[in-house]
Amino acid sequence: MKNFTLFTLLTFCFQINAQNMKLTDEEITKFKKLENKDFELGRITKYLYTENGKIARESIFENDSIIKLIWDFSYYYNENDSLTKMTEYTAIPDVENEWLNETLYFYKNNSLYMSIEKQENNTKTKIDSTYYNVQRDSLNVILSKTKLTFSNKKKSKISDCKTEVYEYDIDGNVIRETEVSMFELAAIKIYEYNEKKQLIRLHNKNITFNVNEIINYTYDSAGNVKDEITSDLSNNKKVERITYSYNDNNQVKEEIHYINNIMDYSYVTEFDIKGKKIKYIQISPDGTSSIWLYFYGKNDSLEYKVDLYGRKDE
């Protein structure tokens with residue numbers, strides 16, 4: 001018999017709470033009808049909102065012989081609609097792998113200055129405290145952002161320290177972003193613009209993840225990005241390109257991805273007459289592979305996102 005622990009009690013409370021977020025038979029029947037010979041029902045995400053329209057709950061269900069809850073996020077706000085708490089529950093059947101995550105957010109003068117994150121599973125508890133600092137000039141332009149994290153609320157043990165420093169041109173465009181992580185240079189981004197103040201080139205060098213790439217952008221007559229070409233300087237043989245096309249409302253309706261001039265994937269987005277996304281289709285070189293459908297409810301808020309996966313050949 002397993003020992004009864006605080007985690008067991010918390011897990012039980014989260015499970016009871018999660019039972020209140022489930023799909024009705026009517027909802028399941030509705031989504032099951034979306035299946036056909038080519039596509040099967042995948043994940044279903046359900047959203048709930050506060051009276052002010054802020055996201056209050058996000059529940060993700062997996063269709064694996066039966067439809068079951070696998071993730072559940074809850075969001076809480078203060079009178080200023082600033083996020084004060086977020087809880088995350090991973091509903092894995094094996095209780096040994098179940099874990100809970102709760103993050104509290106604290107503000108000064110309506111600006112985030114601290115968060116406390118508690119992660120807990122059946123064997124251990126981890127608590128991190130993170131402090132945030134933003135430096136601005138006399139015109140309120142951000143000069144730097146710093147995030148300092150201490151493990152298990154012990155200020156003597158720093159688990160992460162990250163600072164981002166920004167430099168601007170005379171037009172107010174960011175031209176350089178330098179990131180220092182754990183007191184060592186971690187990344188540099190250099191931005192270049194044209195006479196229309198459009199970003200035309202980004203040199204992204206991330207030392208931590210061994211990334212060194214240049215991204216070039218071109219635009220159409222409406223000012224939308226038309227081409228995005230990424231050249232990997234650490235591997236000159238690899239060039240990625242994304243081409244974009246737009247509808248009359250300047251919304252991306254299609255993007256095509258290439259690797260070394262060979263089409264990889266393309267994505268097609270469909271919108272309703274109000275401009276809301278209703279379908280997102282991923283197309284592989286050998287045919288459609290996945291579809292995401294979006295359903296809206298009160299106040300045109302997203303109520304469900306439904307994933308349809310291409311059936312695999314037997």
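The values are calculated or read from the model by the stated rules, or taken from the named source; none is laboratory data. Keep in mind that what you see is a predicted model, and the values were worked out from it rather than measured. Backbone-built Cβ (ideal geometry, glycine too); neighbour counts: all protein chains shown.
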**Request:** Being under 22 Å from the mean Cα position of the chain (by Cα) and aromatic (F, W, Y) is the filter; apply it to the stretch 228-282 and report the residue that is modelled with the lowest pLDDT.
**Result:** Y265
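So for the stretch 247-264 (the condition being over 30 Å from K205 (Cβ atoms) and of a type in the set (F, W, Y)), does at least one residue qualify?
Pass one, the stretch 247-264, residues over 30 Å from K205 (Cβ atoms): 247-251, 253-254.
If we keep only those that are of a type in the set (F, W, Y) as well, we get none.
No: the stretch 247-264 contains no residue that is over 30 Å from K205 (Cβ atoms) and of a type in the set (F, W, Y).
Among the residues of the stretch 160-190, write down those that are hydroxyl-bearing (S, T, Y) and within 15 Å of I142 (Cβ to Cβ). Step through it out loud before you land on a result.
Taking the stretch 160-190 and keeping what is hydroxyl-bearing (S, T, Y), we get 163, 166, 168, 178, 181.
Those that are hydroxyl-bearing (S, T, Y) and within 15 Å of I142 (Cβ to Cβ): T163, Y166, Y168, T178.
Is at least one residue of the stretch 238-249 within 26 Å of R43 (Cα to Cα) and either in a strand (DSSP E or B) or among the small types (G, A, S) (or both)?
So the first thing to find is which residues in the stretch 238-249 are within 26 Å of R43 (Cα to Cα), and the list is none.
No, every residue in the stretch 238-249 fails to be within 26 Å of R43 (Cα to Cα) and either in a strand (DSSP E or B) or among the small types (G, A, S) (or both).
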**Message:** Name the single residue that is farthest from S82 (Cα to Cα) among those in the stretch 120-144 being surrounded by fewer than 16 Cβ atoms within 10 Å (Cβ to Cβ) and of a type in the set (G, A, S).
**Reply:** S138
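Report yes if K196 is within 28 Å of E164 (Cα to Cα), at pLDDT 95 or above and not in a strand (DSSP E or B), otherwise no.
Considered against the rule, which asks whether it is within 28 Å of E164 (Cα to Cα), at pLDDT 95 or above and not in a strand (DSSP E or B), K196 comes out as yes.
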**Message:** I'd like the full set of residues that are closer than 26 Å to K46 by Cα, assigned to a loop (DSSP other than H, G, I, E, B) and out of contact with any helix residue (DSSP H, G or I) (no Cβ under 9 Å at 6 or more places or on another chain), limited to the stretch 250-297.
**Reply:** Q251, D272, I273, G275, G297
**Request:** Tell me, please, whether a residue that is in contact with a Phe, Trp or Tyr (Cβ under 9 Å, 6 or more places away or on another chain) and surrounded by fewer than 15 Cβ atoms within 10 Å (Cβ to Cβ) can be found in the stretch 145-153.
**Result:** no
**Request:** Of all residues in the stretch 107-119, count the ones that are more than 24 Å from V174 (Cβ to Cβ) and surrounded by 13 or more Cβ atoms within 10 Å (Cβ to Cβ).
**Result:** 7
**Message:** When you check T208 against the structure, is it in contact with a Ser or Thr (Cβ under 9 Å, 6 or more places away or on another chain) and touching a residue at least 24 places away in the same chain (Cβ under 8 Å), yes or no?
**Reply:** yes
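Quick one: count up the residues across the stretch 27-62 that are closer than 21 Å to I278 by Cα and either surrounded by fewer than 16 Cβ atoms within 10 Å (Cβ to Cβ) or more than 18 Å from the chain's Cα centre (by Cα) (or both). Break it down into steps so the answer makes sense when it comes.
First, pick out the residues of the stretch 27-62 that are closer than 21 Å to I278 by Cα: 27-36, 38-49, 53-55, 57-62.
Those still in the list that are either surrounded by fewer than 16 Cβ atoms within 10 Å (Cβ to Cβ) or more than 18 Å from the chain's Cα centre (by Cα) (or both) too: 27-36, 38-42, 48-49, 53-54, 62.
The qualifying residues number 20.
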**Item:** W99, sole failed condition from (1) within 21 Å of the chain's Cα centre (by Cα); (2) modelled with pLDDT of 95 or more; (3) not small (G, A, S)
**Value:** (2)
**Prompt:** Of everything in the stretch 120-154 that's under 30 Å from D171 (Cβ atoms) and among the hydroxyl-bearing types (S, T, Y), which residue is modelled with the lowest pLDDT?
**Reply:** S138
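Does E88 qualify as being modelled with pLDDT of 90 or more, touching a Leu at 6+ places or on another chain (Cβ under 9 Å) and within 30 Å of C161 (Cβ to Cβ)? Working first, answer last.
On the way: modelled with pLDDT of 90 or more: yes; touching a Leu at 6+ places or on another chain (Cβ under 9 Å): yes; within 30 Å of C161 (Cβ to Cβ): yes.
Criteria met by E88.
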**Selection from the stretch 202-238 of residues that are surrounded by 15 or more Cβ atoms within 10 Å (Cβ to Cβ) and under 21 Å from Y267 (Cα atoms)** = I215, N216, Y217, Y219, V225, K226, E228, I229, T230
